[in-house]
Structure formats: C-alpha cells, structure tokens
Amino acid sequence: MRPIKVLSRNPDDYVRETKYDIQRVPRNYDPSLHPFEVNREYARALNATKLERVFAKPFLASLDGHRDGVNCMAKHSTNLSSLLSGSCDGELKIWNLTKRECVRTLQAHEGFVRGIVVRFCGTSFFTVGDDKTIKQWKMQSPGYGEEEEPLNTILGKTVFTGLDHHRREGVFATCGQQVDIWDEQRSSPVRSFTWGVDSFSSVRFNPVETELLASCASDRSIVLYDMREATPLKKVVMTMRSNTLCWNPMEAYYFTCANEDYSLYTYDMRNLEQPVVVHMDHVSAVLDVDFSPTGKEFVSASFDKTIRIFPKDGGHSREVYHTKRMQHVICIKWSADNKYILSGSDEMNIRLWKANASEKLGVLAHREREAANYNQKLKEKYQHHPQVKRIARHRHLPKNIYHQAKELRVMREARRRKEKNVRKHSKPGSVPVVTEREKHVVTVVK
Amino acid sequence: MASAGEAPGGEDTHVEKKKKASERYWEEPGKDGNQTEKNDGESKQLQHKKAEKSRKRKLEHKPRDQSRGKNFLSGKTDPFPGPAPVPKDRIQKFKRKEDMSKPRHKRHKLRQLITQSEDASKMSQNQAARFDLLLPEDAGFLEGDEGEDTCTISQNDIADAVDLASSAKYFNLKLSQFGPYRLDYSKTGRHLVLGGRRGHIACLDWQSKQLMCEINVMESINDVKWLHSESMYAVAQKKWLYIYDSNGIELHCIRKFNDVLRMQFLPYHFLLATVSATSFLQYLDVSVGKEVAAICTKTGRLDVMCQNPYNAIIHLGHANGTVTLWSPNQKEALVKMLCHQGGVRSVSVDKTGLYMVTSGMDKKLKVYDIRTFKPLKSYFLPAGASCLSLSQKGLLSAATGDIVQVYRDVWSTPVTKPYMAHRVRGAVSGLHFCPFEDVLGVGHGDGFTSMLVPGAGEPNFDGLDANPYRSAKQRQEWEVKALLEKIQPELISLNPNKLGEVDRATFEQRHQDRVEALGFDPLAKQKFVPKFKKKGRSSSGAVERRKKQVAHEDQRELIKNTIEQKMRTEKEQEWKIKESVVFRKKSALDRFKK
C-alpha cells in the first residue's frame, strides 16, 4: 500500500440531510482564503451608511387636539405609554402613546399651564398655571357622574412659572419670583429662596443627590440650592439668559442649560467657572432640553423650529429634526425607554419622533439584530473615511435655517479674524485668547 | 502542565494516610500494592514523612491551588485547569498586524480605545486559531517508497491506490477534432469550461461528468473564462468577446473588445480583464456591463497574462522579456521588470501574492519575490515551460511540450526533481489547478486530461466564500451578497490594505496636487506690491521705504519665531534634565549617599 492521500470529501458532510434542515455552511477563517478583507469591509460600511440614510425616517406621529400652543409636557413616572401636556389656554391632556390618542382632557388653569410634574408614585400629578395656583390631580380619570376636580389647590401670591417634584419624598419645588419648596401636606411653602430681585423660569431637582436643586433666573444666572439649607449655594452669571436646564441622569454632577444665545452649555456643578462643553448648532434661542435616560445624549428644542440631538460631550449635534409644519418648539421630552422623542410646539401639535432616525422598530429577529449590530460597528470603524463621513453627516435643512447657519458661521469667523488682527497689532499679552467656553461666563457668586 | 500534575499526587498521599487509595483505571495496576507488600514498615515511615511534606506543600501552595482550578468533592483537582492553550504558530496565522504602540502621554480615552480594540482582536485571533484545530479535512500527500522518486509514480498507479471517488477524478477526454484546448475551472472548482481552438466549447460539471452545454461557435477561440458564477462564461473569439450562459445561449457580443487573446476574471471586483493582439488591456465591469478602463500598453501582441489574487493587479509578459504590472487606474505600468532574455512565455502568481513564477524563451523558470521585485530562484528546464499554473497550496505545474511536471516548494528550497510528471497526448495549451481539489486540468492538442496531484488543493473551503456543495438558493444568496460588497476598481493598488491605514501624507499631498493643478501655490505669500498713492507720496523713495518697512516686519516675525522655537527647545531640554535628576533621586540607594 502506497502512502498516499487525495482530497476526497464525503458530500454527506457538506449537504443538508433533508430539505427541512438548514443549509450547512462550513467555515474556514484563514485570511488567505479571504483576500481584500479591508476593501470588502469598506464596501460593506459604505452600504450600511447609505442604508442608514435611506431608512432615516424619524417622524412617527403627530398628536393633535390642543386648541392652543403646547406649553409644557411631563412624562409619566411609571408608565411608558402615558404623556401629559398642558397648553397655553390652560387645558391639560393625557395621551396614550401606543394608541396615539387623547384619553383625558381637563381645564386645569385659567391662562397658561406653566408646569406639570408627575409624582414619583405615578398616582397623581401637579400643575401650576398663570392663575397663581398649584393644583394636585389624580392620575385616574373621574368615574361616571363625578366632576373633574383637583385633589388639592394651593393659592400662591405670585405667578408660578415652573415646578418639579422630589424623587422620593412628598416635597416639590416651584419657581416664579422666588424658588419655593413645598411640603405636599401644607399650603404654604416650607422654604423660599431668593437672591436679588429676579424671576425664575425653571427649577429642577437633582436625580441622584435628591436634596439639590438648580434653577434658571431671568438675570442671566443659574442658581444652585440645597433644600436643607436656608440660603442658595452658588450661582453662575452668564452673558445671556438660560431658559431651562436638565440634569444628566447618570452623571448627576453635570447639567445642561438651554440658552438664549443659540447654544447649550454643559456645566460641572462642582466647577462653574466655565462650562465643560458648549453645544452649538441652533440658529435661534434654545427653549428646552431633556436628557436621554442613558445620559449619553440630550435633545434640545429651539425657537428656530428644529429639534437637535447632541452627544453629551460633543460640541455639535448628531441629528436635526424638522418638518414643514412644525413651528417654534416649546417643550421636548426623551422617553424613558430611550427610543422616542416627544416635542410640543407652537402650532398645537405634539410630535413623536424616533430617537435613532434609522432604527427599525418592533421585535427584531436574532439575525436581524446581529446584522444591525455588525453594521453599526462597521459604520463606527470607517466613520472617518471621507466618503462615509460625507454621507453620514449630510442632512437636508430648511432653506432659512441653512442660510442662517451659514451667516452665523461667517459672522463668527469675521469676529475671530478681527480679534486675531487686534491681537497681532497690540502689545503682546494685552489681548488674551479667550476660549469659546470662557466667553459666556460673567461671574460665579458663592 | 507539569506543576499541575503534582497537585493530585499530594492529594493522594493525604488520602493514603487514612487508608489505602482505591485503585483507578488510569494508574498502573498493582504498582502501589506491590510496594506495600515488599516493605511494610518502611513504607509507613515514608508515608508519614510524605504526608508531612505534602501538608507543608499544601500550606505553601494553598492560594495558588485555589486560583488554579476547582477542588472537587472527590479530592481530585482539575488536571488541565484554565482555558486550553492555543498553539502560537496558529495564532500567528490569523495575525493581521503588529500591536499598536500606546500614546506616551495621558490621553486616557485613546489608550482605552486602543486597549479595547487590541483585546477584541486578540480574542478573535484566539478563537479563530482554536477553530482552526477543528477543521475537518487534511491536505493530501504523496510519498514514494524508499529510494523511489514520486515523479516516477504514474497516474494509473495513483488512481489505483486511492478510493473510488478520487480515482474517478483521473480521466481523459479524447477531443482530437477541435483542439488544442483552453480551460477554466469555476471559483468553487465544481465546473469546467473547455474551449477548443477550432470553435468547440463544452461546459461540464466535471465531478459528476454531467455535460451542461456543448456548442461550436464556428470561429477560432482564443480563451475561455468563467465569470463570477457557473451560470456565465466569457469566450474570446476570433474577433469579438462573447458572453454565453451555461446553456450555451449567447448573452452578449461585446464589440468594444476585439482580438482578445487572454482573459482574467477578478472575482471580488467583478472585472473581466482582457488583453488583445492590438496590445490593449481592457477591463469590463460584468456587474453593470461597462468598460472601466482601456489601456494601450504599446508593447505589441499580448498573449501572456495572469492576475495577482492578493491585490488584483494584472501581470503581463512581453516578447522582450519584461513583465509589467497593471491596474485599471493608471495608464502606465505600475512596475516593469526585466525577467528573461528572450520573450516571456508564461507568468503565474501565488495565492498570497508573495511570489511570481515566470518562464521564458531562454528555457528558464524564475521565481520572484513581488514585495521586493527581486529574483529568488532560477531553474533551467531543458525544453522551457510553455504554461505555468500555481495551486492553492503552492504547487507549481509547468508544461514542457507534451509533458506536465509538478514541482513542490519552488521558492523555499532549491528543487532538483519534479514532484510529479505526466505525459499527455499532444502539446499542452492550457493548464489549471482545480480549486479545493487535488486535481490538475490539462488542455492539450488531443483533448483534456484531468490528473491527480495529491496536496494541491486547499482542503477546507469557506462556505460563505466559495462553496462547492452549495445549492441553487445558496448560490443566489451568495451572488447578492457578493454584488453588494463589490470592490470599486479605483481601490485596486499594489497594497490592498492601504484603505485600513492612517492617511498621514494627505494634506501635503493635497496641497501638492493643488499646486500642480493650478500652476501656482495659492498658500504662498505674495510679493508685496506697494499701493499707488496720490499727492506725491508715491515717489520712488517713498515706495522703497514702504517696501523696506514690510520686509522689515517680515524679518522681525521670522526672527521672533525662531527665537521662540529656540526657547521652547531649551526649556524642554532643561525639563528633561530636571526630570532625569528627579528620577535619579528616587533610587533606593540614594539614602546612603552623602
């Protein structure tokens, strides 16, 4: 017998037994059998990027029913599918998001509904309005024959402009001419904070250090408080007024504020000397901001009729949403399952968006999910290649926003150039370089 | 492993102290028992000592033992704790690149990113290497008896010695009417197309010997080539290039491609490269049917051609002894090598793209390293090789007249004898190894011979790339996937991994390109031309003064910059010295210094 062997495969090892089996796919990962792997991967990445843009259809639904502009919204604390919204005519609506319909309507206030907040247990919610009242309502709609009545009504001395509830205790805070801390059981504030003569536009409890609060004042300052102390902690004064702020739910020492000067600023609570990041891209005042529950991104609503999504540490937005009919966006919320964004705007509609524009909704099959993950990784890997980058960052913008952004860019460039020239022609050191982050902080007061 | 083996020994003695250990099938039977019978008293003493020793050892090794493996209730420990080792050489096979150097300064994010990606790649290498151990098939081989050359073993002997299915792979097709024949195997190695000089085309599933189609085009045929799958093939006929499907129906007649002599198909780019008698190298994109590039090589009749499967570069052999390398993106040859005195008869490049084998009219067979473009080996063949072909495993077949010789390891060791040899019935005109099989197809004047060459083919195919056993449905799916990841012809270059590297020179390159395109340097500082001023302020003296002022300012800036740079370097050096002093101070022996 000669020592000899010739390749001889048994087809049974490579072909499925019956037609009901799945096909056999023997693998060999030897790199020499897979030439051009970088080039092929690149082709795949390019395809994935193109498909992402093809499937980017973020707009899901519009919830209409309000008879005036939507002024404020609140997420339900325990129920994903509920949303509360208050409009400028004092009407409050509770929506079922899965059915996309209004389940309850009530006339909460005379004048604007300024703030809504759901109690942490989810059984009741508070509203404040222009009629100087704080009202507590039951979450359940009244039974047949019962009248729609608040559980509790507190008459304040001044107009309230916002409120927020404590995460674990029966304590809530309102703002108006001063920031008040209320006990749910009492009809007068437990504590009032003032710092100079001004009015406050929003107040937010810290989600982790639950005794801390932050508020935006109309004297261009952001003030931090400790509920247990009698006086405010500190404040930072900026060049322009901040409209609202939102704490990062994961790294709760960071908060982001939406400013009138078209930008958002992320601050570290421990060091207010300068913001950590300046988020620029809007071309008009930013009105509202909300963090995603993962704390990695946040969404902002602006007077320029667009919504933008920013990474928490990125200076520019990764996504911009707009429609022809959406007017100034007043309030914005990121849903608690990290999948949707809700925006309330001037023209009485609430819009439901996908947080990830090209994501496929619904249950994914295993292979589908694997493919999506693989594509995601490919896009990440090849994101810096010029072709891929160009496709991935292309967004269509309304004409006026496009031109306005261009104008702003030119203005900024001109200012920079001028400063450079001034510096060049003055005594060295007399015109210091001021970074974008330092520019907008006036002082920090303790 | 050795230290792990000790642990159970220690445990055994511990058990022995109380009573004799029960026999285990893996221990040598009766060994312990004999000992105890021979010297009872001594053994007891010994045992006592042993037990003490082992207890000591146990105390010492306790934490290590725990970390190494789980102690079972039976008292045994896992003899092979931890993950199974993977042989180093196998891991090396899957290593794509060297380890990255981490940035020196802080840069925590970058550091973390690099570590993560490195870990991931290491894990994938390990897993691939581990999977490699489990591959089902082994490569074929042929060994002669003592003192017997393997080249003297005839095909009939081999066919007799191997199993029935394999012996059926040695066969002759006697087609004496329309020869000599050119041939091509499809990418999976399942299908064969034969093209006779006098117009005969036959397609067959050669393993089952099923004829798919047989036609005569009534015209001379220069070359045949399968396209991406077994449903289409291209035929270079007397005048034009034709595409037929597997039923023999003419799909296209491509009049842009005339007088084609040789063809190569680039499977990942979906490009059909052709060379013609009019010295044109043309590329046809078969997925969209467009001519991608037509290059006039200006080197006369072209009938020697091969592709580099590693980077899709086309190698052409010329009558003046040069071999040129071409890509569709450049009108000139990428490389020109003088390989032979006299014309080049045949060229072949191996799968890994490292070696090129050429044969010429000077009856030499030369092996080149294509990374350095330098000759490695040169052999003299008495008759000179007319056709060359390299197999997946690196066997070289060379046809000299009507004899086909197969060589092994032509690039690593000097070869004196062929590995195998076989005489066919006419002059050989086409030679092709079948992928994934130990088979060499020979087209000659009297038809076609399929001969057995043990150890030629890759034993384990990848089902997602080229699966000889795929069904129609699988083929369709593969086709869609392959078309989706078609590589653009612009990406063909000598280094196919260029795309995965950092593009460092781009800015300078771009600037240079711009300068070339514009004809001037847009970033260069323009010469100062003083403005014309009225009221007598542009007298030549004043103009000269202004010029001087500007020149003076430039000079100042230059000086300022150089001084600043000097200061910076000085400071850095100072800091370095300081740092080194600080580090020296930290030495433990410094406390004794006075």
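The values are calculated or read from the model by the stated rules, or taken from the named source; none is laboratory data. The shown structure was predicted, so the numbers you read here are calculated from the model rather than taken from an experiment. Note: ideal-geometry Cβ built from the backbone for every residue, glycine included; neighbour counts use all protein chains shown. Accessible surface is based on the protein model in full, side chains and every heavy atom, while ligands, DNA and RNA are left aside. Shrake-Rupley method; radii C 1.70, N 1.55, O 1.52, S 1.80 Å.
Provide a single number: the residues in the stretch B:495-519 that are in contact (Cβ under 8 Å) with a residue 60 or more places away in the chain and away from every other protein chain (no Cβ under 13 Å).
Here the count works out to 0.
Select, from A:ARG67, A:ARG16, the only residue that is touching a Lys or Arg at 6+ places or on another chain (Cβ under 7 Å), of a type in the set (D, E, K, R) and exposed (fewer than 15 other Cβ atoms within 10 Å of the Cβ).
A:ARG16
Would the stretch B:449-464 turn up any residue that is more than 7 Å from chain A (Cβ to nearest Cβ), at pLDDT below 95 and more than 30 Å from B:GLY430 (Cα to Cα)?
Looking for residues that are more than 7 Å from chain A (Cβ to nearest Cβ), at pLDDT below 95 and more than 30 Å from B:GLY430 (Cα to Cα), one finds none in the stretch B:449-464, hence no.
Give me a count of the residues in the stretch A:206-252 that are within 16 Å of A:HIS279 (Cβ to Cβ), assigned to a strand (DSSP E or B) and either open to solvent by 50 Å² or more (accessible area, probe 1.4 Å) or charged (D, E, K, R) (or both).
0
(1) open to solvent by less than 100 Å² (accessible area, probe 1.4 Å); (2) under 25 Å from the mean Cα position of the chain (by Cα): which one isn't true of B:LYS498, the others all being true?
(1)
Residue-by-condition table, conditions (1) over 16 Å from A:THR443 (Cβ atoms); (2) β-branched (Val, Ile, Thr):
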{"residue": "A:LEU233", "(1), (2)": "no, no"}
{"residue": "A:VAL237", "(1), (2)": "no, yes"}
{"residue": "A:SER242", "(1), (2)": "no, no"}
{"residue": "A:PRO249", "(1), (2)": "yes, no"}
{"residue": "A:TYR254", "(1), (2)": "yes, no"}
{"residue": "A:TYR267", "(1), (2)": "no, no"}
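Against the definition (of a type in the set (D, E, K, R), farther than 30 Å from B:LYS498 by Cβ and surrounded by fewer than 13 Cβ atoms within 10 Å (Cβ to Cβ)), how does A:GLU419 come out, yes or no?
no
Would you point out which residue out of A:PHE160, A:PHE172 is in a strand (DSSP E or B) and under 27 Å from A:LEU106 (Cα atoms)?
Step by step, each of A:PHE160, A:PHE172 is checked, and only A:PHE172 is in a strand (DSSP E or B) and under 27 Å from A:LEU106 (Cα atoms).
Tell me whether the stretch B:389-398 contains one or more residues that are within 16 Å of B:VAL323 (Cβ to Cβ) and assigned to a strand (DSSP E or B).
Yes, some residue in the stretch B:389-398 is within 16 Å of B:VAL323 (Cβ to Cβ) and assigned to a strand (DSSP E or B).
Please pick out the residue among B:ALA472, B:ALA482 that is within 14 Å of chain A (Cβ to nearest Cβ), surrounded by 14 or more Cβ atoms within 10 Å (Cβ to Cβ) and either under 30 Å from B:GLU137 (Cα atoms) or at pLDDT 90 or above (or both).
After ruling out the rest, the residue left standing is B:ALA482.
Kindly indicate the residue of the stretch B:172-190 that is open to solvent by 20 Å² or more (accessible area, probe 1.4 Å) and out of contact with any Gly (no Cβ under 6 Å at 6 or more places or on another chain) and also farthest from the other protein chains (Cβ to nearest Cβ) among those meeting that condition.
Among them, the one singled out is B:GLN177.
Considering B:ASP132, B:ASP138, B:ASP119, which residue is open to solvent by 60 Å² or more (accessible area, probe 1.4 Å) and either in contact with a Ser or Thr (Cβ under 9 Å, 6 or more places away or on another chain) or in a helix (DSSP H, G or I) (or both)?
Answer to the selection: B:ASP119.
Name the one entry in A:GLY122, A:GLY162, A:GLY129 that is in contact with a strand residue (DSSP E or B) (Cβ under 9 Å, 6 or more places away or on another chain) and surrounded by fewer than 18 Cβ atoms within 10 Å (Cβ to Cβ).
A:GLY122
Are any residues in the stretch A:12-45 more than 9 Å from chain B (Cβ to nearest Cβ) and within 44 Å of the chain's Cα centre (by Cα), and if so, which ones?
Matches in the stretch A:12-45: A:ALA45 only.
Out of A:ILE309, A:ILE341, A:ILE350, A:ILE332, I need the residue that is assigned to a strand (DSSP E or B), farther than 26 Å from A:ALA252 by Cβ and open to solvent by less than 40 Å² (accessible area, probe 1.4 Å). Which one?
Selected residue: A:ILE350, the only one of A:ILE309, A:ILE341, A:ILE350, A:ILE332 that is assigned to a strand (DSSP E or B), farther than 26 Å from A:ALA252 by Cβ and open to solvent by less than 40 Å² (accessible area, probe 1.4 Å).
Inside the stretch A:88-138, counting only strands (runs of 3 or more DSSP E) that do not spill past its ends, which hold 3 or more residues that are within 26 Å of the chain's Cα centre (by Cα), in contact (Cβ under 8 Å) with a residue 40 or more places away in the chain and under 21 Å from A:SER187 (Cβ atoms)?
In the stretch A:88-138, A:113-118, A:124-129 are the strands (runs of 3 or more DSSP E) which contain 3 or more residues that are within 26 Å of the chain's Cα centre (by Cα), in contact (Cβ under 8 Å) with a residue 40 or more places away in the chain and under 21 Å from A:SER187 (Cβ atoms).
Return only the number of the condition from (1) in contact with a strand residue (DSSP E or B) (Cβ under 6 Å, 6 or more places away or on another chain); (2) on the phi > 0 side of the Ramachandran plot that A:TYR262 does not satisfy.
(1)
Residues in the stretch A:52-60: is at least one surrounded by 18 or more Cβ atoms within 10 Å (Cβ to Cβ) and either facing chain B (nearest Cβ under 10 Å) or touching a Ser or Thr at 6+ places or on another chain (Cβ under 7 Å) (or both)?
So far as the stretch A:52-60 goes, yes, one or more of its residues are surrounded by 18 or more Cβ atoms within 10 Å (Cβ to Cβ) and either facing chain B (nearest Cβ under 10 Å) or touching a Ser or Thr at 6+ places or on another chain (Cβ under 7 Å) (or both).
In the stretch A:417-432, is there at least one residue being under 30 Å from A:TYR321 (Cβ atoms) and outside any loop (DSSP other than H, G, I, E, B)?
Checked against the condition, which is being under 30 Å from A:TYR321 (Cβ atoms) and outside any loop (DSSP other than H, G, I, E, B), the stretch A:417-432 yields no hits at all.
Go through (1) within 12 Å of chain A (Cβ to nearest Cβ); (2) open to solvent by less than 80 Å² (accessible area, probe 1.4 Å); (3) within 28 Å of A:ARG27 (Cβ to Cβ); (4) part of a helix (DSSP H, G or I) and name the single condition B:ILE158 misses.
For B:ILE158, the exception is condition (3).
I'm trying to understand the selection: among the residues of the stretch A:395-416, which are under 15 Å from A:SER317 (Cβ atoms), assigned to a helix (DSSP H, G or I) and open to solvent by 100 Å² or more (accessible area, probe 1.4 Å)?
Of everything in the stretch A:395-416, those that are under 15 Å from A:SER317 (Cβ atoms), assigned to a helix (DSSP H, G or I) and open to solvent by 100 Å² or more (accessible area, probe 1.4 Å) turn out to be A:TYR402, A:ARG409.
Would you pick out the residues in the stretch A:253-276 that are open to solvent by 20 Å² or more (accessible area, probe 1.4 Å) and of a type outside the set (D, E, K, R)?
Correct list: A:TYR253, A:TYR254, A:TYR262, A:MET269, A:ASN271, A:GLN274, A:VAL276.
Of the conditions (1) touching a Cys at 6+ places or on another chain (Cβ under 9 Å); (2) surrounded by fewer than 21 Cβ atoms within 10 Å (Cβ to Cβ); (3) within 15 Å of B:GLY441 (Cα to Cα), B:ALA202 satisfies every one except a single condition; which number is it?
(2)
Is it the case that B:VAL442 is within 12 Å of chain A (Cβ to nearest Cβ), over 22 Å from the mean Cα position of the chain (by Cα) and open to solvent by less than 10 Å² (accessible area, probe 1.4 Å)?
Answer is no for this residue.
Give me the residue from the stretch B:358-379 that is more than 12 Å from B:HIS340 (Cβ to Cβ) and touching a strand residue (DSSP E or B) at 6+ places or on another chain (Cβ under 8 Å) and, out of that set, surrounded by the fewest Cβ atoms within 10 Å (Cβ to Cβ).
That would be B:LYS374.
Look through the stretch A:259-282, keep the residues that are in a loop (DSSP other than H, G, I, E, B) and acidic (Asp, Glu), and return whichever of them is nearest to the chain's Cα centre (by Cα).
Across the stretch A:259-282, the extreme among qualifying residues is A:ASP281.
Specify which of the listed residues (A:VAL320, A:VAL299, A:VAL363, A:VAL289) is surrounded by fewer than 22 Cβ atoms within 10 Å (Cβ to Cβ) and assigned to a strand (DSSP E or B).
Only one candidate passes the filter, namely A:VAL320.
Quick check: anything in the stretch A:71-78 more than 30 Å from A:HIS328 (Cβ to Cβ) and part of a loop (DSSP other than H, G, I, E, B)?
yes
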